[in-house]
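Written below as structure tokens is the structure these notes are about.
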Amino acid sequence: MSVRGLDVRVEVLGVRHHGPGSARSVGRALDELLPDVVVIEGPPELDALIPLAADPDLVPPVAGLVYAVDEPRRAAFYPFAVFSPEWVALKWALEHGVDVRFADLPATHHLADSDAGDAPRRPGRRLDPISALASAAGYDDPERWWEDAVEHRRTSSLAHFAHLREAMEGIRGDLEVDDDARRETFMRKVIRAEMRGGRERIAVICGAYHAPALDPASFPPASRDNALMSRLPKIKVAATWAPWSSERLSYASGYGAGVRSPGWYHHLFVTPDDEVVPSWFVRVARALRDQDLDASTASVVEATRLAGALAAVRGRPSVGLAELTDAARAVLTEGSDLPLRLVDRTLVIGELLGRVPESTPMVPLAGDLAKQQKTLRLKASATSTVVQLDLRRESQLARSVLLHRLAVLDVPWGTQVDAGRTTGTFKEAWELEWTPELAVAVIEASLHGTTVRSAAESRIAEEAREAADLRVLGRLIEECLLADLPEGLRAVVAALAERTARQHDTQALLETVEPLARTCRYGDVRGVDVADVAHVLQTVVVRASVGLRAACSSLDDDSAAAMRTAVEAAHRGVALVDRHDLRDPWTEALVTVGRDEVIHGAVAGRVNRLLLDGGHLTHDEAAARLSRRLSPGTPAPAAAAWLDGFLTGEALLLIHGDDLLSIIDEWLVGASEEAFEDLLPLVRRTFSRYQPAERRLIGTHLRDLASGTRTTPSSTDSLDLDRAAPALAAVARLLGMEVAS
């Protein structure tokens, strides 16, 4: 558009964000116009990042990231792909030595209005006008419409954009005074400034929706625009480049200006026209072969022919993604949609992750993280990968430490997963996936320190000071162990020792035992000094043992369930360390609780089973206690709760304990019809924990007991000791025992 009365030409190129057709048109229009300044839709804070766009190490997809300095969660991303019209315009300007700047509502105002608790924002669009025009023309793919309606017409690229602007005027209607109006006000402000600066040819690249509002010939009075820009909130911000991914460019990720098929658009933009279809099917065939699916060269040729035929039958001037997908389904996947899901994820959406140069402005913490990633050879990837770590190897232990420290800082690059079949504590498995939002998480974590280690220790110390109970401190102890944070460990131990001295909640003490015990037991794997932790553990166990009996009194069902879980956890912790100064007071406390018949059955039954399994209660004593708790004088729910606690564990107790099984059987058979209806769901829940084979074996034993056919050897006379001798000798050798000849 030329401005009459002024010796300046302003051309507004309305585009579809991340549209390869728009990108090609922008490139040709700039070659035709040869502007002396290029203005691109985007916050002016991105101007400082423009020189880095010329660095060959800045590889799209990338995003301009603008964040509030004091509250990094107030952030916004401005993504660019190779096929983004804005990126094409930016690169054109840099390659031709032409001035370039961004024009939009400044992020200093936009982020001041955002909520700090929100997730990092990506600028969205109220309306995709290209999609609206494509839909009106009967197209399901806006890029196909652009190709057919614009790219294949033999007219000036500038004329294309003029026609598009006229179409936009009919779509947008009257724009109310809202965020869009303010954005366009700031865009006009920049255009006015460039016009006053003596520019002769100005190219403005913006979303097509905004194009009619940026025609200088129809600008409203400057006073009206100035009124819209007054009294806006403001906040201090900073900007940097951050890697982006193909997946995050798709609108399925929640990105308001996203596209459906960024991987396909990238292929469409970077591939010569005559190679688009065959090279696409070559990539599809490779993806299928990687999954051990057949995809022959002949099939690729046949799919290419079929796609062309489909486009001709459908009256399309070129093959689009719909034809490619239909041809692939018919020829390469034999009509199955399942393999096409793989193609959609890896090719149609894509798995690209951008890269930024080391010279990119970043917080010190991000620089330290990048250095460690490079040293440890942990490459950031947009696709999920599982890394197996052997903690006995120094380099892999260092990887584990880094990932645990990032977890402390709420930078969830890695998530721990099952390490597979392993009997030791030297294996870890992590699922790694780098997402653009992690860049904001790193910036936010930088408020705690300048390196990953110092920030993690500071974060741990802060959480220890603010911990509401011992459970949190117990968790922090383990985190310090796994993340190798000795300073953080000292801070947590000090807080734990101080809180323990004043703690009267026995259940909280019980829940602290297991994490402390794991720290003591496995600290040597990571070379951590756990002497202070061991001292605190001893104090916690003794105090919990002293208060256990009183804490188990007068519990309702919910409280009893929580106490039972706490007792089980503490028991695992004491067994893990296996020290007499812990085991003795704990066992004494369990014995006291186990023989007290007024304690809730869920707790008492579980304690008696723990005592039986640990050899502190004989089988006959256990049978006597079971018989008393299942006597007719005990209410059915209370008896069922005791039984549930007692039977938790291995089914061998019933398979080889006919007396116990008989007691339970007689109790159930003797229950009244009304009581049995109440007991049935409770007992069914108890026995449902056993495996089907175990339940069948228990049932067989019950049947034999009822019929009197089950017999139990009364002595070792039935054992063939000669046949057992080789097996006994082998076991003795494994245990390091001497075998008599």
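When the residues of the range 99-115 are narrowed to those that are of a type in the set (D, E) and not in a helix (DSSP H, G or I), which ends up least open to solvent (accessible area, probe 1.4 Å)?
Residue satisfying both the conditions and the ranking: D104.
For the range 525-566, which positions are under 14 Å from E588 (Cβ atoms) and either within 32 Å of the chain's Cα centre (by Cα) or buried (at least 20 other Cβ atoms within 10 Å of the Cβ) (or both)?
Within the range 525-566, V541, A544, S545, L548 qualify.
Look at the range 280-305 and say how many of its residues are open to solvent by 50 Å² or more (accessible area, probe 1.4 Å) and not small (G, A, S).
13
Restricting the first residue to the range 616-631 and requiring it to be more than 24 Å from R583 (Cβ to Cβ), which pairs with a second residue that is aliphatic (A, V, I, L, M) and open to solvent by 10 Å² or more (accessible area, probe 1.4 Å) meet a Cβ separation below 7 Å and a spacing of at least six or different chains?
Here the result reads A623/I663; L626/I663; S627/I663; L630/I663, each pair linking the range 616-631 to a residue that is aliphatic (A, V, I, L, M) and open to solvent by 10 Å² or more (accessible area, probe 1.4 Å).
Which members of the range 532-570 meet the condition of being in contact with a Cys (Cβ under 9 Å, 6 or more places away or on another chain) and at pLDDT below 90?
Residues satisfying the conditions are V533, A534, L537.
Return yes when S230 is of a type in the set (S, T, Y) and either within 30 Å of G354 (Cα to Cα) or surrounded by 13 or more Cβ atoms within 10 Å (Cβ to Cβ) (or both) and no when it is not.
So S230 does not fit the description; no.
Which condition breaks for V237 when tested against (1) surrounded by fewer than 21 Cβ atoms within 10 Å (Cβ to Cβ); (2) more than 27 Å from T383 (Cβ to Cβ)?
If we test V237 against (1) surrounded by fewer than 21 Cβ atoms within 10 Å (Cβ to Cβ); (2) more than 27 Å from T383 (Cβ to Cβ), just (1) comes out false.
From D524, D529, grab the single residue that is under 21 Å from E479 (Cβ atoms), outside any helix (DSSP H, G or I) and either charged (D, E, K, R) or at pLDDT 85 or above (or both).
D529
If the requirement is being aliphatic (A, V, I, L, M) and open to solvent by 50 Å² or more (accessible area, probe 1.4 Å), which of these qualifies: V277, V270?
Answer to the selection: V270.
Kindly establish whether S223 is within 26 Å of L111 (Cα to Cα), open to solvent by 30 Å² or more (accessible area, probe 1.4 Å) and polar (S, T, N, Q).
So S223 fits the description; yes.
Return the pair list, or none, for Cβ contacts closer than 7 Å from residues in the range 318-343 that are hydroxyl-bearing (S, T, Y) to residues that are surrounded by 15 or more Cβ atoms within 10 Å (Cβ to Cβ), at least 6 apart or on different chains.
Hits for this filter: S318/E147; S318/A311; T325/L340; T333/P339; T333/L340.
Can you tell me which residue among E462, E487, E431, E478 is under 30 Å from Q538 (Cα atoms) and either open to solvent by less than 50 Å² (accessible area, probe 1.4 Å) or outside any helix (DSSP H, G or I) (or both)?
Result: E478 is the single residue among E462, E487, E431, E478 that is under 30 Å from Q538 (Cα atoms) and either open to solvent by less than 50 Å² (accessible area, probe 1.4 Å) or outside any helix (DSSP H, G or I) (or both).
So, in the range 341-352, exactly how many residues are surrounded by fewer than 19 Cβ atoms within 10 Å (Cβ to Cβ) and touching a Lys or Arg at 6+ places or on another chain (Cβ under 9 Å)?
Matching residues across the range 341-352 total 1.
Is it the case that A311 is small (G, A, S), open to solvent by less than 60 Å² (accessible area, probe 1.4 Å) and in contact (Cβ under 8 Å) with a residue 24 or more places away in the chain?
no
Kindly indicate which of L612, L582, L590 is within 27 Å of A517 (Cα to Cα), surrounded by 15 or more Cβ atoms within 10 Å (Cβ to Cβ), modelled with pLDDT under 90 and not acidic (D, E).
Matching residue, one of L612, L582, L590: L612.
For E466, are the conditions met, namely being at pLDDT below 90 and not hydrophobic (A, V, I, L, M, F, W, C)?
In short, yes.
Can you confirm whether G367 is open to solvent by 20 Å² or more (accessible area, probe 1.4 Å) and closer than 17 Å to T451 by Cα?
Yes.
Has the range 259-278 got any residue that is without any contact (Cβ under 8 Å) to a residue 24 or more places away in the chain and farther than 30 Å from L332 by Cα?
no
Is there any pair with a first residue in the range 233-244 that is on the phi > 0 side of the Ramachandran plot and without any contact (Cβ under 8 Å) to a residue 12 or more places away in the chain and a second that is open to solvent by less than 40 Å² (accessible area, probe 1.4 Å) and not charged (D, E, K, R) whose Cβ atoms are under 9 Å apart and which are 6 or more apart or on different chains, and what are they?
Listed by first residue and then by second, the contacts come to nothing, as the list is empty.
Condition first: open to solvent by 10 Å² or more (accessible area, probe 1.4 Å), of a type outside the set (F, W, Y) and not in a loop (DSSP other than H, G, I, E, B). Now tell me which residues in the range 87-98 satisfy that.
Once the filter is applied, which keeps residues that are open to solvent by 10 Å² or more (accessible area, probe 1.4 Å), of a type outside the set (F, W, Y) and not in a loop (DSSP other than H, G, I, E, B), the range 87-98 yields V88, K91, L94, E95.
Check H448 against each of (1) in contact with a Leu (Cβ under 9 Å, 6 or more places away or on another chain); (2) of a type outside the set (S, T, Y); (3) under 30 Å from A285 (Cα atoms) and name the one condition it does not meet.
Only one criterion in (1) in contact with a Leu (Cβ under 9 Å, 6 or more places away or on another chain); (2) of a type outside the set (S, T, Y); (3) under 30 Å from A285 (Cα atoms) is unmet by H448, namely (3).
Looking at (1) of a type in the set (A, V, I, L, M, F, W, C); (2) at negative phi; (3) surrounded by fewer than 19 Cβ atoms within 10 Å (Cβ to Cβ), which is the only condition V37 fails?
(3)
Do we find a residue being in contact (Cβ under 8 Å) with a residue 24 or more places away in the chain and among the hydroxyl-bearing types (S, T, Y) anywhere in the range 371-378?
no
Before we move on, is R453 of a type outside the set (S, T, Y), open to solvent by 60 Å² or more (accessible area, probe 1.4 Å) and closer than 19 Å to A398 by Cα?
yes
The values are calculated or read from the model by the stated rules, or taken from the named source; none is laboratory data. Treat the numbers as computed from the prediction; the structure is a model and nothing was measured. All Cβ positions, glycine included, derive from the backbone under ideal geometry; neighbour counts span all protein chains shown. Side chains included, ligands, DNA and RNA excluded: accessible areas come from the protein's heavy atoms. Shrake-Rupley method; radii C 1.70, N 1.55, O 1.52, S 1.80 Å.
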